[in-house]
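The values are calculated or read from the model by the stated rules, or taken from the named source; none is laboratory data. For clarity, every value in this text was computed on a predicted model and none was experimentally measured. Neighbour counts run over all protein chains shown; Cβ positions are idealised from the backbone, glycine included.
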Amino acid sequence: MFYYQSVGECVSQVYDIEASTWEEAKKAAWKWMDEGDILAECGGDAIEDQHDGEYHTINEEKASNYAFLNCGAWVNTPDGGDDFREDIWYWSDEPEEYLNADGEPYDFKRMEEEYRKMQEEEEE
C-alpha cells in the first residue's frame with residue numbers, strides 16, 4: 001500500500017494513496033503534497049500513532065520505499081556558474097530527476113532561454 005504523510009509544524013497526518021506502483025503513487029500524491037511531506041510504500045503496521053491516535057506518522061524502517069518531496073536546487077547556468085532555482089522539485093530517492101510545480105520534468109531549455117535573455121538585458 002502507498003501512503004503520504006503531511007508533515008505539519010507540530011503534528012503529522014497520514015493518508016492512503018491509490019496506486020499500483022511507486023511511480024504511480026508519486027504522480028497520484030503530487031497534488032496533495034508540499035515540501036517536506038513524505039511518500040511511502042509500506043504495510044499498515046508502518047503507520048504509527050502520534051498524540052493518542054489522533055495523528056499518525058510513517059515509520060521509515062518499515063517502508064520498502066520512502067521519499068521526501070523537496071523544493072529548490074542548485075543548477076549550472078549556461079555560462080558555467082551556479083544558480084539556486086526555487087521552482088525545481090525533486091524526490092529524495094531520485095535527487096537528479098528535477099520536476100516543475102506540476103510534477104512534470106523540469107524544462108531546462110526554458111531556464112536557459114530566461115538566463116540568456118537576462119544576460120542580454122544586462123549587456124544593454
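A few notes on this one:
- Members of segment 38-62 found to be part of a loop (DSSP other than H, G, I, E, B) and crowded, with 18+ Cβ neighbours inside 10 Å, listed by number: none
- Filter result for A63 (under 14 Å from E94 (Cβ atoms), of a type in the set (G, A, S), in contact with an Asp or Glu (Cβ under 7 Å, 6 or more places away or on another chain) and at pLDDT 95 or above): no
- Checklist (1) touching a helix residue (DSSP H, G or I) at 6+ places or on another chain (Cβ under 8 Å); (2) without any contact (Cβ under 8 Å) to a residue 24 or more places away in the chain applied to E48, failing item: (1)
- Total residues in segment 99-121, condition among the acidic types (D, E) and part of a loop (DSSP other than H, G, I, E, B): 3
- Within segment 7-25, not a single residue is part of a loop (DSSP other than H, G, I, E, B) and in contact with a Leu (Cβ under 8 Å, 6 or more places away or on another chain).
- When W74, W22 are checked against the criterion of being exposed (fewer than 11 other Cβ atoms within 10 Å of the Cβ) and closer than 20 Å to P95 by Cβ, a single residue qualifies: W74.
- When E104, E121, E86, E94 are screened for being over 14 Å from the mean Cα position of the chain (by Cα) and charged (D, E, K, R), only E121 passes.
- Some residue of segment 80-92 being surrounded by 14 or more Cβ atoms within 10 Å (Cβ to Cβ), on the phi < 0 side of the Ramachandran plot, of a type in the set (G, A, S) and not in a helix (DSSP H, G or I): no
- Residue pairs meeting the criteria (Cβ under 7 Å; at least 6 apart or on separate chains; first among the aromatic types (F, W, Y), in segment 88-111; second buried (at least 18 other Cβ atoms within 10 Å of the Cβ) and assigned to a helix (DSSP H, G or I)): W91/K26
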